[in-house]
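Contents: one structure, followed by commentary.
The values are calculated or read from the model by the stated rules, or taken from the named source; none is laboratory data. A quick note: this is a predicted structure, and the numbers were derived from the prediction, not measured. Cβ sites come from the backbone with ideal geometry, for glycine too, and all protein chains shown count toward neighbours.
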Amino acid sequence: MAPSSERILEVRDLVKHFALTQGIVLKRQIGAIKAVDGVSFDLHRGETLGIVGESGCGKSTLAKLLMALERPTSGEVKINGIDMAKAHGGELKRMRRNIQMVMQDPYTSLNPRMTVGDIIGEPYEIHSEVAPKGDRRKKVQELLEVVGLNPEHINRYPHQFSGGQRQRIGIARGLALQPEIIICDEPVSALDVSIQAQVMNLLEKLQNEFNLAYIFIAHDLSVVRHISDRVAVMYLGKIVELGQDAAIYERSSHPYTQALLSAVPVPDPEGREQRERIILQGDPPSPADPPSGCRFRTRCWKAQDICAQQEPLLEIRAGGHYSACHFAEEHDVLHV
């Protein structure tokens with residue numbers, strides 16, 4: 001099913017800074033970790049937006065902001081036109097029904113002391129209007145069947161399931177409140193490769209069946225390409241490139257994206273020989289003290305004086321997507 005033109009999530013200039021303090025009793029702020037620093041994007045009904053980047057780039061903090069698990073320093077997170085960042089009490093509770101999360105690790109995200117039925121049905125304790133008590137068992141069994149598990153296993157505990165089955169339980173829990181948006185925070189990274197494909201196929205099936213919108217966070221670029229309609233590349237709290245998956249993977253224009261793509265393993269020996277491998281020097285700078293101008297300039301082979309003096313804007317490029325680089329150019333990348 002093709003994504004709709006209807007926007008259900010709007011993120012504008014989203015910022016989250018964590019204060020760095022000094023002192024035990026009289027704490028004073030000496031700086032801030034700029035985990036997310038001016039992120040903007042839209043999400044459409046039925047669309048999958050992939051978010052990729054190195055560890056520490058702000059992906060998981062962004063997910064927490066979208067879920068209202070963290071309050072932003074500034075910026076907006078609008079779901080169906082209502083700013084979630086400013087909602088409180090009953091309004092926030094209602095909005096949270098529309099956006100749910102599938103966690104990264106199926107071994108630690110499920111309470112080992114609770115049965116599968118209790119885990120999946122727990123959201124109904126908070127949102128009782130979705131499923132009255134008399135209907136909950138039936139609804140949980142239906143969800144187990146939807147994600148490919150035996151409804152008769154409702155009274156089993158998480159340790160009685162494999163890793164792939166546990167992630168299906170996590171997906172069923174995410175579906176319980178009939179959300180419009182699901183955030184998948186590296187949902188297959190802890191699974192075997194063969195099981196990853198099964199979970200990915202299940203996510204696509206559910207998206208088509210329920211017209212869900214996904215934000216899919218991952219390190220594995222090939223996994224992101226398999227499921228995403230658009231891809232956003234993050235570096236040190238900012239989106240540096242954003243566009244349709246084909247444009248990003250085949251005609252990337254930002255040096256950081258090009259470096260990421262060049263590191264993806266290619267099974268074809270001839271393809272490996274043809275690919276230009278880009279090796280970045282050094283480690284990412286600290287988010288507490290990012291470089292002036294372009295944050296990638298300290299590792300970029302294209303960096304010039306202007307990169308230190310002026311921060312590049314996320315602007316549309318010749319390849320038909322957005323890139324934040326003073327020297328962006330279209331770059332053909334072999335198949336990932």
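Worth a mention:
- Top-ranked residue of region 222-237 - restricted to ones that are under 11 Å from LYS59 (Cβ atoms) and of a type in the set (A, V, I, L, M, F, W, C), ranked as surrounded by the fewest Cβ atoms within 10 Å (Cβ to Cβ): MET234
- Complete set of residues in region 103-136 that are surrounded by 14 or more Cβ atoms within 10 Å (Cβ to Cβ) and polar (S, T, N, Q): GLN104, SER109, THR115
- Selection status of GLU10, surrounded by fewer than 18 Cβ atoms within 10 Å (Cβ to Cβ), closer than 20 Å to PRO290 by Cα and under 18 Å from the mean Cα position of the chain (by Cα): no
- Filtered by the rule that a residue be of a type in the set (D, E, K, R) and within 20 Å of GLU129 (Cα to Cα), region 79-97 gives GLU91, LYS93, ARG94, ARG96, ARG97.
- When CYS300, CYS325 are checked against the criterion of being surrounded by fewer than 22 Cβ atoms within 10 Å (Cβ to Cβ), modelled with pLDDT of 85 or more and touching a Pro at 6+ places or on another chain (Cβ under 9 Å), CYS300 stands alone in meeting it.
- All of GLU6, GLU70, GLU47 fail the test of being acidic (Asp, Glu) and either modelled with pLDDT under 85 or closer than 24 Å to PRO285 by Cα (or both), apart from GLU70.
- Meets criteria (crowded, with 23+ Cβ neighbours inside 10 Å, farther than 17 Å from ASN150 by Cβ, at pLDDT below 95 and hydrophobic (A, V, I, L, M, F, W, C)) for VAL193: no
- HIS219, sole failed condition from (1) within 30 Å of GLY293 (Cβ to Cβ); (2) buried (at least 18 other Cβ atoms within 10 Å of the Cβ); (3) in contact (Cβ under 8 Å) with a residue 60 or more places away in the chain: (2)
- Pairs with Cβ under 7 Å, 6+ apart, first in region 22-35 and under 14 Å from PRO72 (Cβ atoms), second among the charged types (D, E, K, R): ALA35/LYS16
- Filtered by the rule that a residue be surrounded by 21 or more Cβ atoms within 10 Å (Cβ to Cβ) and among the hydrophobic types (A, V, I, L, M, F, W, C), region 37-51 gives VAL39, LEU43, LEU49, ILE51.
- Residue pairs meeting the criteria (Cβ under 9 Å; at least 6 apart or on separate chains; first closer than 21 Å to ALA32 by Cα, in region 63-80; second part of a loop (DSSP other than H, G, I, E, B) and of a type outside the set (D, E, K, R)): ALA63/LEU69; LEU65/PRO72; ALA68/ALA87
- Some residue of region 283-291 being over 21 Å from LYS59 (Cβ atoms) and either loosely packed, with under 12 Cβ neighbours inside 10 Å or within 23 Å of the chain's Cα centre (by Cα) (or both): no
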